[in-house]
1. Going through region 229-283 one residue at a time, which ones are surrounded by 11 or more Cβ atoms within 10 Å (Cβ to Cβ), within 24 Å of the chain's Cα centre (by Cα) and modelled with pLDDT of 80 or more?
2. So ASP23 clears everything in (1) at pLDDT 90 or above; (2) surrounded by 12 or more Cβ atoms within 10 Å (Cβ to Cβ); (3) part of a loop (DSSP other than H, G, I, E, B) except one condition, right? Which one?
3. Under 6 Å between Cβ atoms, which residue pairs at least 6 apart in sequence (or on different chains) link something in region 154-165 that is of a type in the set (Ser, Thr, Tyr) with a partner that is surrounded by 24 or more Cβ atoms within 10 Å (Cβ to Cβ)?
4. With in contact (Cβ under 8 Å) with a residue 60 or more places away in the chain and either of a type in the set (A, V, I, L, M, F, W, C) or not in a strand (DSSP E or B) (or both) as the only criterion, which of LEU116, LEU187 stands out?
5. How about region 197-210: which of its residues are loosely packed, with under 12 Cβ neighbours inside 10 Å, within 25 Å of LEU186 (Cβ to Cβ) and of a type outside the set (S, T, N, Q)?
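The values are calculated or read from the model by the stated rules, or taken from the named source; none is laboratory data. Given the structure is predicted, the values throughout are model-derived calculations rather than measurements. In this analysis, Cβ positions are derived from the backbone assuming ideal geometry, glycine residues included, and neighbour counts consider all displayed protein chains.
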Amino acid sequence: MTDNHRVLTENGWRELGQLQAGDYIATPRQLFADTSQHTDPQKLRVLAYLLADGSLSAHGATADFVSKDQVLIDAYQEGLTRFERLEPRTLQQVRGVTRVMVAGKEKKSSHETNSLVQFLRDLGLKTMKGGGWSGDKFVPEFVFGLDEEQISFFLASYWDCDGYVGKRSCFIKTISKHLAKDLQTLLLRLGIYATIYESRYFNNRRQEQIIAYQLTVYNLKTFNDKIAPYLLLKKMPEGELCSEELRDKVSRNIFLQEVETAWDGSIHSLMRTHGVDRQHFIKNTNNCRGSHPRWFGRLLKN
């Protein structure tokens, strides 16, 4: 966008050049494609499985799917039948893990790349030297232009491998920020809002701090209607499902300014009348935990 492009902010419409890093702008509740595309669903399943539980970073012309669940292994191998002249091979590993590998057959030359790896190279997920590690994974561009049914199928396939379905939320975790953002965008194609949370942990193998990204959906009813029908393994909880998403947020400073202007009573009466918890009036909970901040008094009108 150019500097004079106007965007909706918490303070009304503003030109982009007037904003600073960290300012919030409004985003759409659902994304649409002008012309939806369609692709082979089995190849789409293979792609989702490899993004969720696939090993793409190894050198050479290989791409492996790793799983403990026979249902997913069978579904993956069925998807591989859509790739020409491909021979799957399995390797049993420790703790009940199965690695599904592939090799080309009926090659025209010894240097010919098998059809699955070529598929991944065309999408930018593999290179001649190898492929991206888990932190570099992303959703290929063509997926965003698919129709809603296929996007639902793709997301369900990913969730089956690497997702969690619970009574209060559904989420996936990844160390790829790009992938988390891509999945969040795909959910918006279905009108489903998701929140990304960050956490840090120490990776003993790499001897470094790793950032993990958790993409969480709270609107279980919409998730159940649009994604759950395509799940093979995960099951939605029984009973009434939550249909409420996270509510829209507003700047705390704007909120406090409005309260000072519109409310003449005490904070306690505001809490009793409108159910607003006092935590929303504490600027820095780390510094003010357990006591009222000094500026709290200026909101106590009477």
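1. Taking region 229-283 first, the residues surrounded by 11 or more Cβ atoms within 10 Å (Cβ to Cβ) are 229-234, 236-237, 241-243, 245-246, 250-252, 254-260, 263, 265-267, 269-272, 276, 278, 280-283.
From what is left, the residues that are within 24 Å of the chain's Cα centre (by Cα) are 229-234, 236-237, 241-243, 245-246, 250.
Once the filter is applied, which keeps residues that are surrounded by 11 or more Cβ atoms within 10 Å (Cβ to Cβ), within 24 Å of the chain's Cα centre (by Cα) and modelled with pLDDT of 80 or more, region 229-283 yields PRO229, TYR230, LEU231, LEU232, LEU233, LYS234, MET236, PRO237, LEU241, CYS242.
2. Condition not satisfied by ASP23: (1).
3. Close Cβ pairs (under 6 Å, with a partner that is surrounded by 24 or more Cβ atoms within 10 Å (Cβ to Cβ)) amount to SER157/ARG45; SER157/ALA48; TYR158/ALA48.
4. LEU116
5. Across region 197-210, the qualifying residue is only GLU198.
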